[in-house]
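Note sheet for the following structure.
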Amino acid sequence: MNVFDYQQVHANGVTLNVAVAGSGTPVVLLHGFPQTHLMWRHVADQLAADHTVICPDLRGYGDSDKSEGDYSKRTMAADIVAMARELGHSRFALVGHDRGALVAFRAGLDHPEVVGHLMCLDVLPTLDMWEVMHGTSAAVGFHLYLMAQPTGLPERMIAAASDEFFGHFLDLWANDPAAIPPGVRSVYLSASRLAVPSIVADYRASATIDVTHDEEDLAQGNKLRMPVAVIQQDWGAALGFDAAARWKAWATDLHHQTTTAGHFMAEEAPDEISTAIRALLKR
């Protein structure tokens, strides 16, 4: 097992907690909700055999700064580009899961000269996500609507039962609960409990400024120029939309596939995800 070096990296006005291991071409891994960089522990260890693997806690999560203000994916993407630059990398492959995938998507659109390869796990771009949510099927995304509300009420409601709230998603979204053992679950719940305002701010941005940025790119015909891979559960079929077609509107070189693993696929099926990342890097 590789030993990860932890660094506090000052980038784009915030300090990010970053774990780094290995050597070779750089791969940056961005975590999802309600998690931290720890979700990559299996995949990162495999990739570090022949790559420099960089696993930050996103702005507002884990042990990174939980600043007030801007949680647009544009700003969070700029954090990652600046962090990599501070570590000596002007170009890198970028893999994101869930919230981290939305940051990765925005980084690919805003910084195509920096992001050489892009993988997004189990999301749709923000604009598409809101477009496919409708009727009673939208109940599965109740947290999206709750955290879209104005500052105050969502934070108080979630803080009043934070472990139950965040634990609900860890339970509901995992096909294999054993993939998130008690010690790791405890880390996720503790980190989320201490980050309620910034997590809500991240989600609130996805109902406001992030939509605007996606609309602007769509209107301008701005697409992802690098090789892109997307792995998702087959929830497009369940909710009545074509996920691959949605992604094709954004990427000129796309490989889209579904998985039988649950939402936390990097923990439930790390071999599958590591293999897919290596395949992407060969394109």
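Judged by the mean number of other Cβ atoms found within 10 Å, the most tightly packed of the peptides 264-275, 79-90 leads the ranking 264-275, 79-90.
Of the listed residues LYS248, LYS282, LYS66, LYS73, the order by accessible area with a 1.4 Å probe, largest first, is LYS282, LYS248, LYS66, LYS73. Using heavy atoms of the protein chains and a probe of 1.4 Å, the accessible area assigned to SER23 is about 80 Å². Over 24 Å between Cα atoms: which of LYS73/LYS282; LYS73/LYS223; LYS66/LYS223 fall into that group? As for pairs spanning more than 24 Å Cα to Cα, those are LYS73/LYS282; LYS66/LYS223. Listed peptides 165-173, 125-133 appear in the order 125-133, 165-173 once ranked by packing, highest mean of other Cβ atoms within 10 Å at the front.
List the relative contact order of segment 78-118 as a percent without decimals, with contacts defined as Cα pairs under 8 Å and 6+ residues apart.
Values: 34 pairs, mean separation 18.1, N = 41.
Result for segment 78-118 is 44 percent.
Other residues lying with their Cβ under 15 Å from the Cβ of ARG204 contribute a combined charge of +1, Lys and Arg counting +1, Asp and Glu -1.
For ASP234, put the label point 7 Å out on the Cα→Cβ axis and report which residues of segment 165-186 keep their amide N under 19 Å from it. Under cut-off, by backbone N: 173-176.
For the full complex of protein chains and a 1.4 angstrom probe, list ARG91, ARG185 by accessible area with the highest value first.
Values: ARG91 125, ARG185 70 Å².
So the residues, ranked largest to smallest area, are ARG91, ARG185.
Overall, the ratio between the Cα radius of gyration of segment 74-176 and 2.2 N^0.38 Å, rounded to two decimals, is 1.28. Between ALA279 and GLU164, full extension at 0.36 nm per residue minus the direct alpha carbon distance yields a gain of 37.6 nm. Taking every alpha-carbon pair under 8 Å whose residues sit at least 6 apart, segment 139-234 reaches a relative contact order of 36 percent. In this calculation the C-beta distance from ASP253 to SER23 is compared with R0 = 30 Å, giving a FRET efficiency of 0.65. Placing one equal scatterer on every Cα of the chain and applying the Debye formula, the log10 ratio I(q)/I(0) at q = 0.11, 0.15 Å⁻¹ is -0.57, -1.16.
Rounded to the nearest 500, what is the chain's calculated 222 nm mean residue ellipticity when only DSSP H runs of at least 4 contribute -39500 (n - 2.57) each, over all residues? Computed ellipticity for the chain at 222 nm equals -12500 deg cm²/dmol.
Please work out the Kirkwood hydrodynamic radius for segment 164-283, using every pair of different C-alpha atoms, and report it in angstroms with one decimal place.
Working: mean 1/r = 0.0592 Å⁻¹.
One over the average 1/r among Cα pairs gives 16.9 Å for segment 164-283.
With contacts taken as Cα pairs under 8 Å and at least 6 residues apart, segment 47-134 reaches a relative contact order of 23 percent.
Computed from the Kirkwood radius of its Cα pairs, the Stokes-Einstein diffusion coefficient for segment 179-244 at 10 °C and 1.306 mPa s stands at 101 µm²/s. Once you reduce segment 1-73 and segment 236-273 to the center of their Cα atoms, the two points are 22 Å from each other.
The values are calculated or read from the model by the stated rules, or taken from the named source; none is laboratory data. Note that the structure is a prediction, hence the values are computed from the model and not measured. Don't worry about glycine lacking a Cβ; one is built from the backbone with ideal geometry, like all the others, and counts go over all protein chains shown. The area values use the complete protein model at the heavy-atom level, side chains included, leaving out ligands, DNA and RNA. Shrake-Rupley method; radii C 1.70, N 1.55, O 1.52, S 1.80 Å.
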